[in-house]
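See structure below.
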Amino acid sequence: MASAREQLRDALARPGLVVAPFVYDGLQARIAQHAGFAAVYMTGFGTAAARGMPDVGLLTMTEMVANSRSICRAVDVPVICDADTGYGNPLNVMRTVEEYEDAGAAALHIEDQVWPKRCGFLDGKQVIPRDEMHQKVRAARDARRDPDLVIIARTDALQSEGWPGVEERAKSYVDAGADVIFVDGIRTLDDLDEYAGRLSELSLLYNGQLRPAREIEERGFKIMIHTGTLAVAFAALRDAMAELAEHGRIAASEDPRVFAELVTLLGLPEALARSGRYGG
């Protein structure tokens, strides 16, 4: 069976779009795999949110790698991971790549924001010089031990430098060794089309849900990380908590099939069978 990294490399080499929903824990990743997704995306926003924090660079590399490891262990499909800015200079980036690779990541992205970074859709982002990021991408490429690990270079320069600056950065990062380019902060259809048109010769990642996956594929993108699952999970849990607080019960949870499906998804029957072999 092909490794997760080989699966992702093969998918990127073929026509079509890889859709990877946002997940921030092993349960969500298993739900995504069970639904049929060929990859998942470990969101930095969600990883911070799960710890009760905003996505403004408060988590350490150790915390992010630990979360990526738990997600990678939970599923067989490729896990694409947020690695923020690489957590320092090129030497730090090399350590970051080694740690994510050891954790099982199939791909990781590093971004050109000043640290501490901000969520990609926030205003006021600042970016480091293009040449400085070029060297960080070179370091990421050189640190990679498994050639199938996909290095994604993200730029957040659209707000401050416009499309000419983004285009220069994207081409520089590919020259440095990036396999995929990720322009974040795409808020309008015009920007989406500009992104697809200006960088059409590159392998591109789109973050968002401006259009359905089919239309993103038609624009030539290779990866789509879908933000919608995070908001839906939040809304469902918020409403369930409110129902419990107001009515003393959560009606949907009283269907025994829901809990049975959950423990089956988590592999309880297989765990009990293994235990039984040893007298458990």
Members of the range 105-121 that are touching a residue at least 60 places away in the same chain (Cβ under 8 Å) and open to solvent by 30 Å² or more (accessible area, probe 1.4 Å): Pro116, Arg118, Phe121
Can you report the number of residues in the range 169-182 which are open to solvent by 10 Å² or more (accessible area, probe 1.4 Å) and either modelled with pLDDT under 95 or not in a loop (DSSP other than H, G, I, E, B) (or both)? 4
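Here is a yes/no grid of residues against (1) under 21 Å from the mean Cα position of the chain (by Cα); (2) in contact (Cβ under 8 Å) with a residue 60 or more places away in the chain:
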position: Glu168; (1), (2): no, no
position: Ala176; (1), (2): no, no
position: Phe182; (1), (2): yes, yes
position: Ile186; (1), (2): yes, no
position: Asp190; (1), (2): no, no
position: Ala196; (1), (2): yes, no
position: Glu201; (1), (2): no, no
position: Leu205; (1), (2): yes, yes
Return the pair list, or none, for Cβ contacts closer than 6 Å from residues in the range 146-159 that are part of a loop (DSSP other than H, G, I, E, B) to residues that are open to solvent by 10 Å² or more (accessible area, probe 1.4 Å) and modelled with pLDDT under 95, at least 6 apart or on different chains. Asp156/Lys125
Return a yes/no flag: does the range 255-269 have any residue that is open to solvent by 80 Å² or more (accessible area, probe 1.4 Å) and in a loop (DSSP other than H, G, I, E, B). yes
Return only the number of the condition from (1) small (Gly, Ala, Ser); (2) in a helix (DSSP H, G or I); (3) modelled with pLDDT under 95 that Gly185 does not satisfy. (2)
Lone qualifier among Ala66, Ala39, Ala32, Ala20 - being among the aliphatic types (A, V, I, L, M), surrounded by fewer than 18 Cβ atoms within 10 Å (Cβ to Cβ) and at pLDDT 95 or above: Ala66
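May I ask you to say which residue of Leu189, Leu149, Leu204 is open to solvent by 60 Å² or more (accessible area, probe 1.4 Å) and among the aliphatic types (A, V, I, L, M)? Reasoning before the result, please.
Values: Leu149 fails: open to solvent by 60 Å² or more (accessible area, probe 1.4 Å); Leu204 fails: open to solvent by 60 Å² or more (accessible area, probe 1.4 Å).
Leu189 is the lone residue from the list that is open to solvent by 60 Å² or more (accessible area, probe 1.4 Å) and among the aliphatic types (A, V, I, L, M).
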Check Val166 against each of (1) among the β-branched types (Val, Ile, Thr); (2) open to solvent by 10 Å² or more (accessible area, probe 1.4 Å); (3) within 23 Å of Ile128 (Cβ to Cβ) and name the one condition it does not meet. (2)
Test set (1) at pLDDT 95 or above; (2) open to solvent by 50 Å² or more (accessible area, probe 1.4 Å); (3) under 23 Å from Ile225 (Cα atoms) - Asp156 fails condition number: (2)
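The values are calculated or read from the model by the stated rules, or taken from the named source; none is laboratory data. Please read these numbers as outputs of a predicted model, since none were measured by experiment. All Cβ positions, glycine included, derive from the backbone under ideal geometry; neighbour counts span all protein chains shown. The accessibility values were calculated without ligands, DNA or RNA, using every heavy atom of the protein model including side chains. Shrake-Rupley method; radii C 1.70, N 1.55, O 1.52, S 1.80 Å.
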